[in-house]
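Step one of this worksheet: look at the structure below.
The values are calculated or read from the model by the stated rules, or taken from the named source; none is laboratory data. Note that the structure is predicted; figures quoted are calculated from it, not measured. Using ideal geometry, Cβ is built from the backbone for each residue, glycine included, and neighbour counts are taken over all protein chains shown.
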Amino acid sequence: MEKIEGIKSGTTTVGIVCKDGIVLAAEKKASMGYLVASKEEMKIVEIMPHIGMTEAGMVGDIQALTRYLKAEARLFELTSRRKISVKAAATLLSNILYQGRWSFFPYYVQLILAGYDEMGPSLFVLSPDGSRLEDKKFFTTGSGSPMAFGVLETLYKGNPSLDECKRIAVRAVKAAVERDIASGGKGIDVAVIDKDGFRLLKRTEVEKIIEEVKK
């Protein structure tokens, strides 16, 4: 994740669709060119109690988009008196990104938006031009994504459980951290979204998973 104006960014985020929910994971390094600006950056955010998003790209753009999306999703729920679906939130974000094309600069971001609603778990990938891709299985963004994709393609089989997906997500991010110079930081963040809503795993929970995947 880049901290200064420019298109270069270094990040690894992962989203996986599981049998009974969604797993999101990300490393924690934020860079300013060749400088490590932060080793404890949070790149997973709760948009609504049933929707989460991973963040790769320019920090300022991401923060503005997050505020915008949260406000619009909340406004939708207040006016319609019903919970916004994950697909509707992804379409809303897609429209916001597309509108950005007509300003001086587009948003320099690549986002994974995922959640759990009455249709079950779903995952969408959003690009700077506003394009929206629905992925039935998994996706990864950022400079470490080539390494993470290799792990995901190898380990994702059938319709894995949340616990299996947690281990796969950690393995994928860990592989990127070990090979991508722009990914790293102090640990890995992991979030789960299921019928009970969005939950960010405690550091002790993640450390336990990291130890499991080392074996």
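Could you please let me know if LYS87 is at pLDDT 90 or above and closer than 24 Å to ILE188 by Cα?
Working: at pLDDT 90 or above: yes; closer than 24 Å to ILE188 by Cα: no.
Judged against the criteria, LYS87 is not a match.
Go through region 158-191 and give me each residue that's in contact (Cβ under 8 Å) with a residue 24 or more places away in the chain and on the phi > 0 side of the Ramachandran plot.
Once the filter is applied, which keeps residues that are in contact (Cβ under 8 Å) with a residue 24 or more places away in the chain and on the phi > 0 side of the Ramachandran plot, region 158-191 yields GLY184, GLY185, GLY187.
Consider only pairs whose beta carbons are under 9 Å apart and that are at least six residues apart or on different chains; among these, list those whose first residue lies in region 30-53 and is farther than 21 Å from ILE188 by Cβ and assigned to a strand (DSSP E or B) and whose second residue is at pLDDT below 90 and of a type in the set (Asp, Glu).
MET32/GLU2
Of the conditions (1) surrounded by fewer than 22 Cβ atoms within 10 Å (Cβ to Cβ); (2) at pLDDT below 90; (3) not small (Gly, Ala, Ser), GLU77 clears all except one; give me its number.
The one condition GLU77 does not meet is (2).
If you scan region 16-31, which residues turn out to be at pLDDT below 90 and over 14 Å from the mean Cα position of the chain (by Cα)?
Passing the criteria: LYS29, ALA30, SER31.
So which residues in region 180-204 are surrounded by 14 or more Cβ atoms within 10 Å (Cβ to Cβ) and of a type outside the set (Gly, Ala, Ser), if there are any at all? Spell out how you get there, then give the answer.
Of all residues in region 180-204, those surrounded by 14 or more Cβ atoms within 10 Å (Cβ to Cβ) come to 180, 182-185, 187-194, 197-201.
Within region 180-204, ASP180, ILE188, ASP189, VAL190, VAL192, ILE193, ASP194, PHE198, ARG199, LEU200, LEU201 meet the criteria.
Please tell me if GLU72 is loosely packed, with under 13 Cβ neighbours inside 10 Å and not aromatic (Phe, Trp, Tyr).
For GLU72, the condition - loosely packed, with under 13 Cβ neighbours inside 10 Å and not aromatic (Phe, Trp, Tyr) - is not met.
Looking at region 74-100 only, could you name the residues that are touching a helix residue (DSSP H, G or I) at 6+ places or on another chain (Cβ under 8 Å) and within 22 Å of VAL17 (Cα to Cα)?
Listed by number, the residues that qualify are LYS83, ILE84, ALA88, ALA89, LEU92, LEU93.
Could you please find all residues in region 108-122 being in contact (Cβ under 8 Å) with a residue 60 or more places away in the chain and not in a strand (DSSP E or B)?
Result: TYR108, single match.
Tell me, which residue of region 143-167 that is touching an Asp or Glu at 6+ places or on another chain (Cβ under 8 Å) and assigned to a loop (DSSP other than H, G, I, E, B) is nearest to TYR116 (Cα to Cα)?
Among them, the one singled out is SER161.
Go through region 121-136 and give me each residue that's of a type in the set (S, T, N, Q) and surrounded by 13 or more Cβ atoms within 10 Å (Cβ to Cβ). Quick ask: steps written out before the conclusion?
Here is the first cut: in region 121-136, the residues of a type in the set (S, T, N, Q) are 122, 127, 131.
Those that are of a type in the set (S, T, N, Q) and surrounded by 13 or more Cβ atoms within 10 Å (Cβ to Cβ): SER122, SER127.
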